[in-house]
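Peer 1: Pasting a structure here, questions to come.
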Amino acid sequence: MAEVTMQSGQIMVGDHQGIYVVKLVGDVRLNLCTTFDSFIDKMFAHGDFRGVVFDMHQTEGVDSTTLGLMAKIAFRAEERGKGKPLVLCDNKGLLHLMDSMGFEELMDFNGHADNDAYAAEPVPLKCNDPDERSAREMVLEAHRVLMSMNEQNAETFRDLVHALEAEKRSEEQQRSEEPLAAPKSAASHH
């Protein structure tokens, strides 16, 4: 029996006349997401922003953080009156996952769109390994977005969000208790 291994993930992005294409390839996970989060801010900063297409034809899997960032894009597009992002996906498992989490409210789905439906040429996002604190912040934000979508998501992610918030508070407390870099007596010598 052949072993099935998931292709490690990649996020590719491109734009054409204000339509941004986000192509999720392979198994897209948290390690790619802080770079993706920065891209989202840059994308919405562009004056020509008109909409987003998620190309998920080559997506094998996504984690909840990635889904949270996709929801964040949908909410921000809606705030700007740009309509719902379009999801190009024919993977029944992914469609079921997104449907069960309430994404049909946020996005339009089309499984059979021609890959030439957009003129953008997506290129891989250069992903840097996130530092632990910024990764946790982004995971926290992504899951808060998912929780805001509906009661079922709120129930699903409540424990994770509470754990991340507690971890964050504990880290902030430790930082505030750390002594200053230079002892006071050393600072008084001229």
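Peer 1: List the lysines whose Cα sits under 24 Å from the Cα of Lys23, skipping any in the same chain fewer than 8 residues away.
Peer 2: Lys42, Lys72, Lys82, Lys84, Lys92, Lys126
Peer 1: Considering only protein heavy atoms and a probe of 1.4 Å, how much of the accessible area of the stretch 121-160 is carbon and sulfur, as a whole percent?
Peer 2: C and S atoms contribute 48 percent here.
Peer 1: Keeping the other protein chains in place, figure out the carbon and sulfur percent of the accessible area of the stretch 1-90, with a 1.4 Å probe.
Peer 2: Carbon with sulfur: 48 percent of the solvent-accessible area.
Peer 1: Take the Cβ-Cβ distance between Glu105 and Glu155 as r, set R0 to 22 Å, and report the resulting FRET efficiency rounded to the nearest 0.05.
Peer 2: Working: r = 17 Å, r/R0 = 0.78.
Calculated transfer efficiency: 0.80.
Peer 1: Roughly what percent of Cα-Cα pairs across the stretch 42-173 reach past 23 Å?
Peer 2: 41 percent
Peer 1: Something else about it: Please list, in chain and number order, the residues 5+ apart from Gly9 or on another chain whose amide H is under 5 Å from its amide H, with Hs placed from the backbone.
Peer 2: Residues meeting the amide H criterion: Asp27, Arg29.
Peer 1: Quick one: 3J(HN,Hα) in Hz for the stretch 47-63, Karplus 6.51/-1.76/1.60 with θ = phi - 60°, rounded, Gly and Pro as x.
Peer 2: Whole-Hz 3J(HN,Hα) from phi for the stretch 47-63: x, 8, 4, 10, x, 10, 10, 9, 9, 10, 5, 10, 7, 9, x, 9, 8.
Peer 1: Sort 41-48, 91-98, 54-61 by the packing proxy (mean of other Cβ within 10 Å over each peptide's residues), most packed first.
Peer 2: Sorting 41-48, 91-98, 54-61 by mean packing, highest first, produces 54-61, 91-98, 41-48.
The values are calculated or read from the model by the stated rules, or taken from the named source; none is laboratory data. Being a predicted model, the structure only gives us computed values, none of them experimental. Every residue, glycine among them, receives a Cβ derived from its backbone with ideal geometry; neighbour counts consider all protein chains shown. Note: areas computed on protein heavy atoms with side chains; ligands, DNA, RNA excluded. Shrake-Rupley method; radii C 1.70, N 1.55, O 1.52, S 1.80 Å.
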